[in-house]
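The values are calculated or read from the model by the stated rules, or taken from the named source; none is laboratory data. Everything numeric in this text was worked out from a predicted model, so none of it was measured. Here the Cβ is made from the backbone with ideal geometry for all residues, glycine too, and neighbour counts use every protein chain on show.
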Amino acid sequence: MLPNQLDIGLKIGYNYYIMKKNITAIILISIVLAGGLPYVNSLHNPFIWDEEAIIVNNPIIKQWKYLTFLFKTNIFGGPIEAGGFYRPFYMLSFMADYHFWKLNPMGYHFFSIIFHILNAMLFYVFIIKLGLQKKIAWLASLLFALFPVNAEAVTLIAARVELITSFLLLACFILFLNGIKISRFYFLGSILLFILSIFTKESALLLPLIALIYTLIFLEKKEMRKTFSPLLTLISIVFIYGGLRILFLGSPFHRTLSLINEAAFIERVYTFPRILLTYIQLIVMPIVLKSEYHFVVHSFKDAYVLLGTPFLILLFTLINIFLKPRKYALFFSCWFLIGLAPYSNLIIPLHATLMEHWGYFSSMGFAALMSITFFKIKDGAASRRVKYAAVLIMASLMLFYALRIIERNREWNDPFTLYQKDVEKEPNSFLLHCNLGVEYFRRGMMEEARKEFIASNKACPGRGYDVAYNNLGVIYAREGRIPEAVSCYKQSIALNNYALAYANLAELYNNLRMHEDAVLVLKEGVKLYPLNDEIQHQLSAAHDGNEENK
């Protein structure tokens, strides 16, 4: 090769390298913007819903000396129960947040947005490692970042558990792939991340199933042998964790408060197609978004069973026939379905039939299917007009998604407006009725608050909702209706050992100079909530009162 030809070759190679590097930078910047810009207006949103109990009034996250308590209590700082939320690594994120931001919600929101962006970027890397084209990975990541159904997971700080779990699972899977393609050393990192993920949320236990399906679909026999040991380790961790949890906490088949829990097993089977169809509709065309969904399909003759089930079968059959290579369509279909399996209510009924943030991880699989379908249509079109139309439709859809996220963030900005609107959409939610009652109470609208707390107890399956009973007790105590207040506090304690009910009942007794009764109540409260400031304060007041009486 002549010197001039060599120079030209080097220049071409260098220019190609720069262009390729610039394209990667543009892709990553666009993912950052898609994952971040629509959520900027959520930065000033206040603490809302469970965040008051998990963050604002939780003493455990406020001092590093209580770090070990994260592993000994549930997310509300109470005793760990069989069906309780045992998620120490999730709570560690709030402990870190409090260290930096104290009780400024902006910092917590910023941290959640960063996690969402990282998940979109990791998802892009993951799809590339699977062997799909960059353009497919790019669009899938943008769609995932912009799905309005995921707004709750990002905007509601308490729903951050989905962000952290998804981050750990994606990173775990990427290391698993590196272990197959590069070095077995990566398998160790994958196993460690998996352990962290199950201490973040229990749904992470299904990752080995997705990894097994990947192995069966994508790998040749020689590569399969490499995955035998790490897969066996991951599956063993699932059984060890499950066994220890049952041993120390009891059966996970606990009774929870929800319509779906009251349904017979066959009714939950009938309801499953509606759950899947609702998630698909919320992902693709999220016209109406709300905090909770409570519904039960009671009959085989229901349209969701008779028409919905054949539609779902046809949809995923066409996806796996139409999209090629079929292995990607099959894998991401399994990703979507397995991701929703913990929320099917078939085995363990949950506290709602459906919640939007539960679909966060599984929505990645659907984003990939949408991206593959888009490029199948666009690249296969013979006419330029069809190609341009496809691009225009996709761009318009993503713009709609971004605007829908911004709109939903505004609703989350005002708890009073949010609860009012959402309780109209979902009148069966006892939680929304109770939350709206609290907002009325804070505005001094006692009669409206009372009505909502009563409505909460009526909507709640079983004997009522512990928090609503406690809140009713506060209203009765203010009105001087002492017997009714005492009854409500005791009912709250009997239902679920609500921490504030212990403190409120003891305060009532202390005000009545019934200090011995206050001490008896608080002895039980202190055992369950040893770090609760209100309980400790009332216990001190009760002891002081006893000393004065002497």
- Can you tell me which residue in segment 18-76 is farthest from Phe100 (Cα to Cα), limited to those that are small (Gly, Ala, Ser) and more than 19 Å from the chain's Cα centre (by Cα)? Ala25
- Does Tyr529 fit the bill of being at pLDDT below 90 and hydroxyl-bearing (Ser, Thr, Tyr)? yes
- If only one of Asn58, Asn41 is over 17 Å from Asn150 (Cβ atoms) and crowded, with 16+ Cβ neighbours inside 10 Å, which one is it? Asn58
- Return the residue satisfying two criteria in turn: it lies in segment 98-107 and is surrounded by 14 or more Cβ atoms within 10 Å (Cβ to Cβ) and without any contact (Cβ under 8 Å) to a residue 40 or more places away in the chain, and of such residues it is nearest to Thr155 (Cα to Cα). Gly107
- Going by the structure shown, is Asn496 surrounded by 14 or more Cβ atoms within 10 Å (Cβ to Cβ) and either out of contact with any Asp or Glu (no Cβ under 6 Å at 6 or more places or on another chain) or without any contact (Cβ under 8 Å) to a residue 12 or more places away in the chain (or both)? no
- Could you tell me whether Leu508 is modelled with pLDDT of 90 or more and within 41 Å of the chain's Cα centre (by Cα)? yes
- Set Phe228, Phe173: member being assigned to a helix (DSSP H, G or I), modelled with pLDDT of 90 or more, crowded, with 19+ Cβ neighbours inside 10 Å and of a type in the set (Phe, Trp, Tyr): Phe173
- Task: Only helices (runs of 4 or more DSSP H) wholly contained in segment 463-550 count here; list those with 3 or more residues that are of a type in the set (S, T, N, Q).
- Result: 482-496, 499-511, 533-549
- Message: Taking the criterion of being under 30 Å from Ile31 (Cβ atoms), touching a residue at least 24 places away in the same chain (Cβ under 8 Å) and assigned to a loop (DSSP other than H, G, I, E, B), would at least one residue in segment 74-94 satisfy it?
- Response: yes
- Given (1) of a type outside the set (Phe, Trp, Tyr); (2) touching a residue at least 60 places away in the same chain (Cβ under 8 Å); (3) in contact with a Gly (Cβ under 8 Å, 6 or more places away or on another chain), number of the condition Thr155 does not satisfy: (3)
- Task: Take segment 257-273 and flag every residue that is outside any helix (DSSP H, G or I) and surrounded by 15 or more Cβ atoms within 10 Å (Cβ to Cβ).
- Result: Leu257, Ser258, Ala263
- Ile157 being of a type in the set (Val, Ile, Thr) and touching a Leu at 6+ places or on another chain (Cβ under 9 Å): no
- Message: Can you confirm whether Leu282 is under 30 Å from Ala145 (Cα atoms) and within 19 Å of the chain's Cα centre (by Cα)?
- Response: yes
